Amino acid sequence: MKPKVIVYRKVDKKVLDFIQDTCEAIYFEKLDSETYPEFLQELKDAQGILGSGLKVDKDLLNQAPHLKIVSNTSVGYDNLDIAVLTERGIMATNTPEVLNDTVADTIFGLLLSTARRMPELDHWVKKGQWGSILGEEWFGVDVHHKVLGIIGMGGVGTAIAKRAHLGFDMQILYHNRSKNEKAEQDFGAVYCSLDKLLEQSDFVCLMTPLTPLTEKMIGKREFELMKETAIFVNGSRGKTVDEEALIHALKTGQILAAGLDVFSQEPVQPDNPLLSMKNVVTLPHIGSATYETRLKMAMLGAVNLVTGLQGKTPPNLINSKAGAK
């Protein structure tokens with residue numbers, strides 16, 4: 001009998017076909033108030049689940065006594081209670097690396113558009129307000145030959161450093177749990193303390209995963225350390241930043257501007273002050289959102305899922321102590 005799995009996010013038919021070759025797949029294009037009760041019913045005898053964003057904690061796992069693997073189709077896995085999964089011998093996997101270049105493209109585009117005020121100027125032109133030579137009040141700031149500080153020099157951070165150094169002759173500072181020798185050798189990146197990075201960078205790019213240690217790691221003190229001309233870019237998770245402190249820093253001129261792909265609450269609330277600030281560029285968490293990359297992520301998630309259910313170690317096992325079932 002084929003193992004039963006649940007796919008709870010919309011995926012390409014190629015991914016479903018791959019899974020269904022070896023598994024019985026129950027497919028939910030999305031989970032909402034209408035479909036969630038049915039999802040919980042199917043979960044009772046499921047051995048695997050694949051998707052992203054679902055909070056997988058003790059309460060959910062209590063309703064999934066036969067679960068062997070949780071396959072997250074994202075790099076981040078802050079939605080998973082890894083300690084509980086490991087304790088119960090349930091494998092957890094993610095999909096790193098395949099999205100590095102796509103996310104780096106997004107984040108560097110956000111940096112450029114914030115520095116050169118592109119969304120604001122696009123809106124201005126489309127409203128028919130371009131009636132004369134552009135005045136200095138509409139000028140942006142240069143990106144090339146500036147100092148870029150990257151917090152979190154993993155795969156995406158390294159891809160951002162590559163674009164910045166080779167494409168824009170930027171000096172790279174970085175802060176990470178450990179040194180990234182490849183980034184240092186290939187792109188001249190310099191490892192430094194967080195405080196030094198904040199004090200010296202013209203652009204501060206936050207790319208760290210969300211963990212108990214990184215939650216609100218950038219707050220009032222950190223914004224006060226930044227240059228008044230600094231631009232802050234967040235492509236990690238919204239909760240890595242104290243959003244109230246960010247709003248205050250932007251309102252009071254502690255920093256020049258911000259480019260955000262993530263928010264503390266998503267979807268972002270319409271009354272969030274960040275949405276009404278001209279010096280803030282906002283995106284709806286689209287870092288990896290291209291068809292090509294999302295297909296690669298889903299397929300890698302499917303490979304992780306199927307491999308784990310075959311009694312082998314998945315390529316991207318997070319909690320190795322859980323072991324293959």
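The values are calculated or read from the model by the stated rules, or taken from the named source; none is laboratory data. Here the structure is a predicted model, which means the values were calculated and not measured. We place every Cβ from the backbone using ideal geometry, glycine too, and count neighbours over all the protein chains shown.
Per-structure values
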read-out	value
Hey, Ala83 on the phi < 0 side of the Ramachandran plot, outside the structural domain of Thr211 (by TED's automatic domain parsing), free of Cβ contacts under 8 Å to residues at least 12 places away in the same chain and small (Gly, Ala, Ser) or not	yes
Enumeration of residues in the stretch 143-157 that are within 13 Å of the chain's Cα centre (by Cα) and either more than 25 Å from Met118 (Cα to Cα) or among the acidic types (Asp, Glu) (or both)	Gly152, Gly154, Gly155
Verdict on Gly219 being closer than 20 Å to Asp78 by Cβ, of a type in the set (Gly, Ala, Ser) and touching a residue at least 60 places away in the same chain (Cβ under 8 Å)	no
From the options Ala115, Ala104, residue that is in contact with an Asp or Glu (Cβ under 9 Å, 6 or more places away or on another chain) and of a type in the set (Gly, Ala, Ser)	Ala115
Lone qualifier among Thr293, Thr307 - being within 29 Å of Thr95 (Cβ to Cβ), touching a helix residue (DSSP H, G or I) at 6+ places or on another chain (Cβ under 7 Å) and not aromatic (Phe, Trp, Tyr)	Thr293
Helices (runs of 4 or more DSSP H) within the stretch 144-205 that include 3 or more residues among the hydrophobic types (A, V, I, L, M, F, W, C) and within 19 Å of Asn100 (Cβ to Cβ)	155-162
Tally of residues being touching a residue at least 24 places away in the same chain (Cβ under 8 Å) and either touching a helix residue (DSSP H, G or I) at 6+ places or on another chain (Cβ under 7 Å) or exposed (fewer than 13 other Cβ atoms within 10 Å of the Cβ) (or both) across the stretch 261-289	17
In the stretch 57-89, residue surrounded by the fewest Cβ atoms within 10 Å (Cβ to Cβ) [restricted to those that are β-branched (Val, Ile, Thr) and closer than 18 Å to Val11 by Cβ]	Val75
Residue identified as out of contact with any helix residue (DSSP H, G or I) (no Cβ under 6 Å at 6 or more places or on another chain), free of Cβ contacts under 8 Å to residues at least 24 places away in the same chain, under 12 Å from Val306 (Cβ atoms) and assigned by TED's automatic domain parsing to the domain that holds Lys58 among Gln20, Gln41	Gln20
Selected residue [within 16 Å of the chain's Cα centre (by Cα), modelled with pLDDT of 95 or more and over 25 Å from Val15 (Cβ atoms)] from Ser276, Ser236	Ser236
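Conditions tested, residue by residue: (1) in the same structural domain as Leu206 (by TED's automatic domain parsing); (2) charged (D, E, K, R); (3) out of contact with any strand residue (DSSP E or B) (no Cβ under 6 Å at 6 or more places or on another chain).
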{"position": "Gln129", "(1), (2), (3)": "yes, no, yes"}
{"position": "Ile133", "(1), (2), (3)": "yes, no, yes"}
{"position": "Val141", "(1), (2), (3)": "yes, no, yes"}
{"position": "His144", "(1), (2), (3)": "yes, no, yes"}
{"position": "Ile151", "(1), (2), (3)": "yes, no, no"}
{"position": "Arg163", "(1), (2), (3)": "yes, yes, yes"}
{"position": "Gln171", "(1), (2), (3)": "yes, no, no"}
{"position": "Asn176", "(1), (2), (3)": "yes, no, yes"}
{"position": "Phe187", "(1), (2), (3)": "yes, no, no"}
